[in-house]
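Written out below as structure tokens is the structure these notes cover.
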Amino acid sequence: DRQTLVAVLQFLRRSNLRESEEILRREARLLGDDLGAAALSPAGAGLLGAPGGDADSAGGEALLSRVTAAAAIAIGGSAATLLLYANAFAVGGGVVVEDQPDVSAVLSAYNQQGDPTLYEEYYSGLKHFIECSLDCHRAELSQLFYPLFVHMYLELVYNQHESEAKSFFERFHGDQECYYQDDLRVLSSLTKKEHMKGNETMLDFRTSKFVLRISRDSYQLLKRHLQEKQNNQIWNIVQEHLYIDIFDGMPRSKQQIDAMVGSLAGEAKREANKAKVFFGLLKEPEFDVPLDDEDEEGENEEGKPKKKKPKKDSVGSKSKKQDPNAPPQNRIPLPELKDSDKLDKVMNMKEAARRVRLGPECLPSICFYTFLNAYQGLTAVDITDDSSMIVGGFADSTVRVWSVTPKKLRSVKTAADLSLIDKESDDVLERIMDEKTASELKILYGHSGPVYGTSFSPDRNYLLSCSEDGTVRLWSLQTFTCLVGYKGHNYPVWDTQFSPYGYYFVSGGHDRVARLWATDHYQPLRIFAGHLADVTCTRFHPNSNYIATGSADRTIRLWDVLNGNCVRIFTGHKGPIHSLAFSPNGRFLATGATDGRVLLWDIGHGLMVGELKGHTDTIYALRFSRDGEILASGSMDNTVRLWDAVKAFEDLETDDFTTATGHINLPENSQDLLLGTYMTKSTPVVHLHFTRRNLLLAAGAYSSQ
């Protein structure tokens, strides 16, 4: 309530804690000046107690002293928590005062530094305490080692105790988990205060709170220890820089913790994955197919049409029922279907009728496109949905498009020639193409740096490419010329992808944000900011309402296209994320990273539901088969692996255990899900694609070493 707020603010101002005061004001949504004035001017004294006379100041003082006492016991370190405690005590009247460290010491972490020579002693004391604690608490409390190590080191460097910092680093850096090695390498190069100014890793570490998920019992144990030892330096850091997400229940085991930690800012807060996500698919528009089908089926042998008919109906009926988890049809505006799109959908349905049902007993054939003599350096590949064209992005800044079918690539005729064509003729679409331009390969020039991402539009009329030069370019596949250069990123753009419905596309880059664009706007429609390092890969959800981004901060985020909010944060990878794939039903997400693991996520519940181990190098390609029975992964270790997706996702139990840990019981080994491993001679796999009939296409550039 307002009264308590004023008291807390006044207390913070008296203690000269401007930053905390600001934070509290922001969190309480009070623009402080009027409030501050009211609280601090004699006229406003009435706010602080019973109305009238001397009781005012007395009431105010009483409340203030209560707040002061309460402040001592505030945990979690943010002013908001302070407020919570203040509220609790203000309402409850009396205060039970625990053994508290000195209030001012707890709150003045901003301006007071401990004795630099004692840092090693503090840290080793805590280390000794944690290593000697019970097994059930040890694993959880060990999570503190890394963030405390970094902050204590930074504090020493920041306060220019360089020799102490060096000896602190040398003594303890070997104790940290192996997956933090890269971060520690960056850290070890920061030895002077000046180094910290422009260094992004450090800015992140100082500004974003490192999240630890710890059970209440373990937390109480830690708190008691630090308060008994009067170990204010560590306590201050815990409060200032860590966010401790406390849960009720059994402490987690080492395996459970290891599955989820490893990102730049610790784990995700449990709140981060609570928002509702509409992961269902949109209803397919209905249009009449049958006539066309009858013709085609008449041509086949007599027995066939009867078999196919029921199947065709099931495809139709499945899309007619609205998925209960689907977003409203008009939640985001999607482009109208053109006649050509409808024809394509009809083709797609026909192909689907002949699709091979995959499974452990029936694995797909794999057709591998090897780029030979790609001395330009192949950096990106994409294949059209109907598998008719393949595009390569190269380090020499070219984009090369090949036809994979006997049909050659042709450009539209010049304007003068087009004016001579009879617009009414049936084959007008054929006539506008210039036979003289027919070739198997078209090279598109325009970028001024390596091309890191390529994406065909669903209707195959356009192609996107993004580059180190900071632009995303839209190319016409009718004229093979560049139509637009989208400038928004100031640094290299690592990935881009068209929405499954066309029109929208997403890009992500070194500037740590992903941007949502529409082809006819030269400014982005949404900017998704939140990652702490480069956005390395981007993917649209099949219903186009969400976008997944993978980052070098070792997290995956799911963003809502409608309002730009981050609705999921997935942590667990131990290296930058390089591939993402949504299951065809929209319920699951598979992610691959430099740690060689494929992790599987349930989007609705926000849980990790699987871990596929087997690759020995970065996973650059992931793709689900058309019906979602099989997940294919391609890696720099020159292999394609096939995994049983049905088995991986069946009977998922989401019980209390999962809500506390953030993942289901992960089996120790994932070999029973591995259906096959296919080696190439010496070709890292850069891209995978299932054709409409479930033939798996893979692509990569042969490397001679």
Practice task
Go through region 504-523 and give me each residue that's out of contact with any His (no Cβ under 9 Å at 6 or more places or on another chain) and open to solvent by 30 Å² or more (accessible area, probe 1.4 Å).
Solution key: 519, 520, 521, 522, 523
Exercise for the section: Output the residues belonging to region 470-494 that are of a type in the set (Gly, Ala, Ser), within 18 Å of residue 526 (Cα to Cα) and either open to solvent by less than 20 Å² (accessible area, probe 1.4 Å) or under 21 Å from the mean Cα position of the chain (by Cα) (or both). Expected result: 470, 488
Exercise for the section: Could you please let me know if residue 165 is at pLDDT 80 or above and in contact with a helix residue (DSSP H, G or I) (Cβ under 9 Å, 6 or more places away or on another chain)? Expected result: yes
Exercise for the section: Might you let me know whether region 453-469 holds any residue that is open to solvent by 60 Å² or more (accessible area, probe 1.4 Å) and at pLDDT 90 or above? Expected result: yes
Practice task
Check residue 391 against each of (1) under 22 Å from residue 476 (Cβ atoms); (2) touching a Leu at 6+ places or on another chain (Cβ under 8 Å); (3) in a loop (DSSP other than H, G, I, E, B) and name the one condition it does not meet.
Solution key: (3)
Problem - Of residues in region 582-611 being among the hydrophobic types (A, V, I, L, M, F, W, C) and over 22 Å from residue 538 (Cβ atoms), the one farthest from the chain's Cα centre (by Cα) - result: 609
Practice task
Would you mention how many residues in region 222-233 are over 33 Å from the mean Cα position of the chain (by Cα) and assigned to a helix (DSSP H, G or I)?
Solution key: 7
Handout entry: Odd one out for residue 553 among (1) closer than 26 Å to residue 283 by Cα; (2) of a type in the set (D, E, K, R); (3) open to solvent by less than 10 Å² (accessible area, probe 1.4 Å)
Key = (1)
Practice task
Scan region 270-287 residue by residue and report those that are part of a helix (DSSP H, G or I) and either farther than 14 Å from residue 557 by Cα or open to solvent by 30 Å² or more (accessible area, probe 1.4 Å) (or both).
Solution key: 270, 271
Completion exercise
Screening 438, 352 for residues that are under 37 Å from the mean Cα position of the chain (by Cα) and small (Gly, Ala, Ser) leaves only 352
Handout entry: Conditions (1) open to solvent by 20 Å² or more (accessible area, probe 1.4 Å); (2) within 25 Å of residue 625 (Cα to Cα); (3) out of contact with any Cys (no Cβ under 8 Å at 6 or more places or on another chain): number failed by residue 589
Key = (1)
Fill in the blank from the handout: Condition set open to solvent by 20 Å² or more (accessible area, probe 1.4 Å) and closer than 25 Å to residue 616 by Cβ, scope region 556-586, selection modelled with the lowest pLDDT: answer is 574
Practice task
Kindly indicate which of 396, 382, 323 is within 30 Å of the chain's Cα centre (by Cα), in a loop (DSSP other than H, G, I, E, B) and either buried (at least 17 other Cβ atoms within 10 Å of the Cβ) or among the aliphatic types (A, V, I, L, M) (or both).
Solution key: 323
Practice task
Answer yes or no as to whether residue 146 is part of a helix (DSSP H, G or I), under 16 Å from residue 124 (Cβ atoms) and more than 28 Å from the chain's Cα centre (by Cα).
Solution key: no
Fill in the blank from the handout: Note: among 325, 330, just one is within 27 Å of residue 604 (Cα to Cα) and without any contact (Cβ under 8 Å) to a residue 12 or more places away in the chain, namely 330
Exercise for the section: Specify which of the listed residues (121, 164, 155) is closer than 20 Å to residue 190 by Cα, of a type in the set (Asp, Glu), open to solvent by 40 Å² or more (accessible area, probe 1.4 Å) and in a helix (DSSP H, G or I). Expected result: 164
Practice task
Kindly check whether there is at least one residue in region 366-373 that is outside any strand (DSSP E or B) and either touching a Ser or Thr at 6+ places or on another chain (Cβ under 8 Å) or open to solvent by less than 70 Å² (accessible area, probe 1.4 Å) (or both).
Solution key: no
Practice task
Look at residue 352 and say whether it is surrounded by 17 or more Cβ atoms within 10 Å (Cβ to Cβ) and in contact (Cβ under 8 Å) with a residue 60 or more places away in the chain.
Solution key: no
Exercise for the section: Please go through region 662-705 and pick out each residue that is part of a strand (DSSP E or B) and modelled with pLDDT under 90. Expected result: 663
Exercise for the section: Mind listing whichever residues of region 407-436 are open to solvent by 40 Å² or more (accessible area, probe 1.4 Å), part of a loop (DSSP other than H, G, I, E, B), closer than 18 Å to residue 480 by Cβ and of a type outside the set (S, T, N, Q)? Expected result: 407, 408, 413, 432
Exercise for the section: Inspect all residues belonging to region 439-447 and state whether any of them is under 20 Å from residue 374 (Cβ atoms), in contact (Cβ under 8 Å) with a residue 60 or more places away in the chain and open to solvent by less than 30 Å² (accessible area, probe 1.4 Å). Expected result: no
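Listed here are the residues, each with its yes/no results for (1) farther than 30 Å from residue 579 by Cα; (2) in contact with a Ser or Thr (Cβ under 7 Å, 6 or more places away or on another chain).
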| position | (1), (2) |
| --- | --- |
| 393 | no, yes |
| 406 | yes, no |
| 413 | yes, no |
| 424 | yes, no |
| 431 | yes, yes |
| 435 | yes, no |
| 438 | yes, no |
| 460 | no, yes |
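The values are calculated or read from the model by the stated rules, or taken from the named source; none is laboratory data. Computed from a predicted structure; not experimentally measured. Note that each Cβ is placed from the backbone with ideal geometry, even for glycine, and that neighbours are counted across all protein chains shown. These accessible areas exclude ligands, DNA and RNA; they are computed on the full protein's heavy atoms, side chains included. Shrake-Rupley method; radii C 1.70, N 1.55, O 1.52, S 1.80 Å.
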